[in-house]
1. Among the residues of the range 143-155, count how many are surrounded by 14 or more Cβ atoms within 10 Å (Cβ to Cβ) and without any contact (Cβ under 8 Å) to a residue 12 or more places away in the chain.
2. Sort out which residues of the range 320-329 are over 23 Å from residue 50 (Cα atoms) and buried (at least 20 other Cβ atoms within 10 Å of the Cβ), and write them in order of number.
3. Take residues that are in contact with a strand residue (DSSP E or B) (Cβ under 9 Å, 6 or more places away or on another chain) and either modelled with pLDDT under 70 or under 20 Å from residue 133 (Cα atoms) (or both) and tell me which of the strands (runs of 3 or more DSSP E) falling wholly in the range 1-95 contain 2 or more.
4. From 158, 168, grab the single residue that is surrounded by fewer than 16 Cβ atoms within 10 Å (Cβ to Cβ) and either in contact with a strand residue (DSSP E or B) (Cβ under 7 Å, 6 or more places away or on another chain) or not in a strand (DSSP E or B) (or both).
5. Pairs only if they're at least six apart or on different chains, beta carbon under 6 angstrom, first in the range 108-136 and assigned by TED's automatic domain parsing to the domain that holds residue 211, second part of a helix (DSSP H, G or I) and within 13 Å of the ligand (Cβ to nearest atom); list them, first residue then second.
6. Identify all residues within the range 294-318 that are in a helix (DSSP H, G or I), touching a helix residue (DSSP H, G or I) at 6+ places or on another chain (Cβ under 8 Å) and either crowded, with 20+ Cβ neighbours inside 10 Å or not assigned by TED's automatic domain parsing to the domain that holds residue 364 (or both); write none if there are none.
7. Output the residues belonging to the range 101-137 that are away from the ligand (no atom under 16 Å from the Cβ) and surrounded by 20 or more Cβ atoms within 10 Å (Cβ to Cβ).
8. With the structure loaded, tell me whether residue 274 is in contact with a helix residue (DSSP H, G or I) (Cβ under 7 Å, 6 or more places away or on another chain) and assigned by TED's automatic domain parsing to the domain that holds residue 105 or whether it fails that test.
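The values are calculated or read from the model by the stated rules, or taken from the named source; none is laboratory data. Predicted model only: the values in this text are computed from it and were never measured. Please note: Cβ atoms are built from the backbone with ideal geometry, for glycine as well, and neighbour counts cover all protein chains shown.
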Ligand code: GDP
């Protein structure tokens, strides 16, 4: 399964516009590989990384394969959704499956587009969404609490421990705070329990996407809503990406040359989508390593901290089982050397063992034996 980022937000903030731009861009770029929509609301998106193309160039590779993350368009979140308003609980099934959340906040004014809350106020909107997620988490905690309390009464030691964890989580949520706020403080076991047993929503990392008007491009510096979003996000150490979803969807349909011209006209260096994708990638704590050669140069996604054999296992399970060693060089050093073979001649390729932690940008050749 790929890494998934769920797009959430109130209605009419630009979620679908953004999601469609993401998937359209992907389709346009994906001449070499079939675009795949896994489910109607899931799009698999290339992680833009120019290192991949530079590597392929020096290795004269016949094929280039990027790495992907998945975006899920999660509709149906409105005030009261946790109690069944709007599409009610349907959104929850989708949001449980994602690894991180991208919350779209409306920072554009447009009289023709109704705001469900009657005015543009992204920080209030964020609170509304957050409260729904907290309410849902509290429900999950309380349900479990009821069960575990019964077992704990019989003196079961494990149940007593679980009860303690549940009560801690309940306390946080009852204070109307998201569990992620305590990521640095809570013991690992509590966090893991919140993530992997209860599948809580508010433990997932969050990035904010400020959707601004065309007139506020490139960065929305003159837009007071953006400033407030940034202030709010800084308080929780969350990243903010500023985009104009409508421009993104226009860009998505254009050939590259015209895209560049349009971007330049707005003072932008790259599509906002690239920033969204890369920020999502970082938020998920992901890094990229490469395999490079004449046949194919390819990017691979792993979690930060993955060791060489497990990274090899991403390519093929045989490679993990029969792992012997990894030949490694950093992207920068390889580019400086000019090619893998030249780097080898100069003795720049290191040999690393099973405890080596793969770093972002490593170019790797795995030695294995089955
Ligand atoms: P969703 O309900 O959050 O998925 O919102 P949509 O993506 O469907 O957008 C709702 C409406 O707002 C549509 O009519 C969009 O064309 C419009 N919209 C989206 N982004 C922008 C924007 O950046 N500026 C303006 N003016 N309108 C936008």
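1. Within the range 143-155, residues that are surrounded by 14 or more Cβ atoms within 10 Å (Cβ to Cβ) and without any contact (Cβ under 8 Å) to a residue 12 or more places away in the chain number 2.
2. Within the range 320-329, the first condition is being over 23 Å from residue 50 (Cα atoms), and the residues that meet it are 320-326.
If the condition is that a residue be over 23 Å from residue 50 (Cα atoms) and buried (at least 20 other Cβ atoms within 10 Å of the Cβ), then 323, 326 are the ones that fit.
3. 4-8, 68-73
4. Details: 168 fails: surrounded by fewer than 16 Cβ atoms within 10 Å (Cβ to Cβ).
Answer to the selection: 158.
5. 122/225
6. Step one: of the range 294-318, the residues in a helix (DSSP H, G or I) are 308-315, 317-318.
Still in the running and touching a helix residue (DSSP H, G or I) at 6+ places or on another chain (Cβ under 8 Å): 309-310, 312-313.
Passing the criteria: 309, 312.
7. 133, 134, 136, 137
8. Details: in contact with a helix residue (DSSP H, G or I) (Cβ under 7 Å, 6 or more places away or on another chain): no; assigned by TED's automatic domain parsing to the domain that holds residue 105: yes.
Taking the combined requirement at face value, the residue does not satisfy it.
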